[in-house]
Amino acid sequence: MSARMESMGGAHAHNPDFKPEEKRVIFASSLGTVFEWYDFYLYATLAPFFAALFFPRGNETAALLSAFATYAAGFLVRPFGALFFGRIGDLVGRKYTFLVTIVVMGVSTFAVGLLPTFQSIGWAAPVLLVLLRLLQGLALGGEYGGAATYVAEHAPNNRRGYDTAWIQTTATIGFFLSLLVILLCRNNMDPKEFAEWGWRLPFLVSLVLLIFSVYIRLKLNESPVFQRMKSEGKGSKQPLTDSFLKYPNNKYVLLALLGATAGQGVVWYTGQFYALFFLTITLKVDYATAYILIGASLLLGTPFFIFFGWLSDKIGRLKIILAGCLLGALTYFPLFGALTHYVNPALETYAAKTPITVSAPAGQCNFHLFVGPWSKFTDCDKAKDFLTKQGLSFKSTDSAAADALTVKIGDKELKGAWDEKAAQAALKDTGYPGPADKSKINTPMALLILFVMLIYVTMVYGPIAAFLVEMFPTRIRYTSMSLPYHIGNGWFGGMLPLTATAMVAASGDIYYGLWYPIVVAVMSLVIGVLFLKDTRDRDIHQD
């Protein structure tokens with residue numbers, strides 16, 4: 001770190017105190033942001049497990065969708081956190097604002113560790129869980145924009161991509177840390193103990209991380225760019241109005257969302273979270289193996305956030321971001337198909353030789369996006385739930401001519417009232433392999449595929465902070481950059497697991513959910529090419 005600081009040029013090279021300050025800024029901002037992402041993604045990592053804890057039993061796919069819907073709630077509220085805290089950050093200051101956000105996040109996460117389950121308090125459990133997720137989302141909505149803006153405003157112009165790329169590593173490191181802590185807990189506890197109370201430990205431990213992160217951030221100074229702006233009386237008195245209701249800034253906000261952050265968001269979540277859920281839910285890989293595969297790909301790929309941030313200082317931000325979107329859109333189907341081939345070849349073989357169909361009278365098959373007291377599950381719903389849990393694709397038809405539910409598994413036909421034991425017997429008779437055989441997993445190839453998808457993540461995410469910071473003036477920067485970032489990541493990206501899983505359940509095709517990130521990535525590619533320009537030559541210290 002010190003060697004690269006010695007070579008630093010740019011607007012602050014004349015200031016002998018800037019070099020150690022830059023180190024402190026990057027370290028403190030990144031550390032606190034790692035903690036916030038760790039908190040936020042604990043739930044996401046345990047979403048399939050939480051489905052059994054906070055939602056009623058009976059239909060596991062529907063319960064999982066409910067867990068994903070609660071997971072998505074934290075993302076949906078992030079733009080509102082961006083508006084609320086972004087306004088404070090532009091009026092009061094960067095440092096104060098992201099001190100508040102880290103405390104809100106830490107307290108909310110700690111409270112999840114104390115939350116009773118559905119079996120203890122009924123429907124109050126998911127209600128409280130959603131409320132805590134909303135608080136987490138609000139806090140994260142204010143955190144990222146503050147940290148990215150703070151680091152960028154300390155960085156010299158010719159190193160802004162490199163310096164802000166350290167912030168970009170924090171989401172992946174926080175995700176990795178959540179995987180590691182959960183894996184340690186599960187491997188060192190009896191499964192029954194973990195199910196009863198051990199799952200709370202990763203949430204409770206976050207209190208220690210909170211105290212340390214707040215202590216480190218309290219030692220920081222306010223951004224020099226913000227201080228100068230305030231001393232010159234150039235700050236905005238109404239940052240929300242100036243950001244979103246005045247031209248041309250409102251145009252730039254919309255273009256930043258549709259032409260950059262939406263595509264970046266879906267590529268990020270496909271390469272990390274959707275890949276994890278695909279391994280564990282669809283390909284039936286045991287949690288420890290899946291965590292290790294994803295964790296190893298994160299370790300290998302994380303340095304490339306820094307690389308692409310550095311490269312964006314040399315060749316520009318936008319072309320790297322859009323190249324990542326293009327590569328993802330072109331290769332997701334073959335990559336996920338290859339993942340099936342190398343991780344669970346027996347499942348691939350079985351699916352190829354065993355066609356499955358589900359037909360029922362019209363109106364008998366329902367679509368459950370979120371489970372509630374109103375939910376009713378027909379025999380058709382139960383059949384689809386069962387097949388989806390096995391990681392199997394099937395063709396589904398509703399026909400007025402059908403007189404009863406009919407499920408065909410190869411040459412076996414099940415007709416009439418749904419009988420899960422009969423379906424299990426049919427699968428066994430037709431050679432269904434069940435969970436992935438660890439001895440048959442081609443680990444090097446699986447890791448290579450996950451690594452390639454993570455490279456796409458680093459391409460779209462490494463330069464995005466510098467790109468957004470440079471698009472907007474200092475007086476409204478925190479507000480203006482935070483909203484498109486959190487809509488792109490929180491709505492387009494955060495909704496991916498729920499939307500893609502629902503698409504799979506509705507279509508009966510285990511790969512059908514990939515159309516969601518592909519369409520969004522192509523949208524950003526087209527809009528970015530046509531309407532956006534690169535920003536790396538802008539001097540934000542003189543804006």
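The values are calculated or read from the model by the stated rules, or taken from the named source; none is laboratory data. Just so it is clear, the model here is predicted, and its values are computed rather than measured. All Cβ positions, even for glycine, are placed from backbone atoms using ideal geometry, and neighbour counts span all protein chains on display. With ligands, DNA and RNA removed, areas are computed over all heavy atoms of the protein, side chains included. Shrake-Rupley method; radii C 1.70, N 1.55, O 1.52, S 1.80 Å.
Does at least one position in segment 181-189 carry a residue that is in contact with a Ser or Thr (Cβ under 7 Å, 6 or more places away or on another chain) and more than 18 Å from Tyr485 (Cβ to Cβ)?
yes
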- Task: Consider Leu311 carefully, then state whether it is within 30 Å of Val529 (Cβ to Cβ) and either within 20 Å of the chain's Cα centre (by Cα) or open to solvent by less than 50 Å² (accessible area, probe 1.4 Å) (or both).
- Result: yes
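Condition check ((1) among the hydroxyl-bearing types (Ser, Thr, Tyr); (2) open to solvent by 10 Å² or more (accessible area, probe 1.4 Å)) across all residues:
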{"residue": "Ile281", "(1), (2)": "no, yes"}
{"residue": "Lys284", "(1), (2)": "no, yes"}
{"residue": "Gly295", "(1), (2)": "no, no"}
{"residue": "Phe304", "(1), (2)": "no, yes"}
{"residue": "Ile315", "(1), (2)": "no, yes"}
{"residue": "Tyr332", "(1), (2)": "yes, no"}
{"residue": "Ala362", "(1), (2)": "no, yes"}
- Please work out which residue is farthest from Pro355 (Cα to Cα), limiting yourself to segment 403-423 and to residues that are touching a helix residue (DSSP H, G or I) at 6+ places or on another chain (Cβ under 8 Å) and either charged (D, E, K, R) or part of a loop (DSSP other than H, G, I, E, B) (or both). Ala417
- Per the filter on segment 217-263, residues open to solvent by less than 50 Å² (accessible area, probe 1.4 Å) and out of contact with any helix residue (DSSP H, G or I) (no Cβ under 8 Å at 6 or more places or on another chain) are Thr241
- Could you pull out every one of the helices (runs of 4 or more DSSP H) wholly within segment 285-353 that has 2 or more residues that are free of Cβ contacts under 8 Å to residues at least 12 places away in the same chain? 303-315, 318-343, 345-353
- Test set (1) modelled with pLDDT of 90 or more; (2) over 14 Å from Trp268 (Cα atoms) - His541 fails condition number: (1)
- Message: Report every pair of residues separated by at least 6 positions or lying on different chains whose Cβ atoms are under 7 Å apart, first residue within segment 108-136 and of a type outside the set (Ser, Thr, Tyr), second open to solvent by 50 Å² or more (accessible area, probe 1.4 Å).
- Response: Phe110/Leu204; Phe110/Leu207; Gly113/Leu204; Leu115/Leu128; Trp123/Pro373
- Query: What residue, among those in segment 89-116 that are open to solvent by 10 Å² or more (accessible area, probe 1.4 Å) and among the β-branched types (Val, Ile, Thr), is farthest from Arg475 (Cα to Cα)?
  - Reply: Val107
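Could you check segment 38-51 and list, in sequence order, the residues that are modelled with pLDDT under 80, part of a helix (DSSP H, G or I) and not acidic (Asp, Glu)?
Result: Phe40, Tyr41, Tyr43, Ala44, Thr45, Ala47, Pro48, Phe49, Phe50, Ala51.
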- Any idea which residue in segment 203-216 is farthest from Ala111 (Cα to Cα), counting only those that are buried (at least 20 other Cβ atoms within 10 Å of the Cβ) and either modelled with pLDDT under 85 or of a type outside the set (A, V, I, L, M, F, W, C) (or both)? Ser213
- For segment 424-513, which fully contained helices (runs of 4 or more DSSP H) count at least 2 residues that are surrounded by fewer than 20 Cβ atoms within 10 Å (Cβ to Cβ)? 443-461, 496-507
- Query: Of these, Gln136, Gln119, which one is at pLDDT below 85 and either open to solvent by 20 Å² or more (accessible area, probe 1.4 Å) or of a type outside the set (A, V, I, L, M) (or both)?
  - Reply: Gln119
- Residue list for segment 514-537, filter: surrounded by fewer than 16 Cβ atoms within 10 Å (Cβ to Cβ) and within 30 Å of Phe226 (Cβ to Cβ): Phe531, Lys533, Asp537
- Message: What's the total number of residues in segment 157-199 that are open to solvent by 80 Å² or more (accessible area, probe 1.4 Å) and basic (Lys, Arg)?
- Response: 1
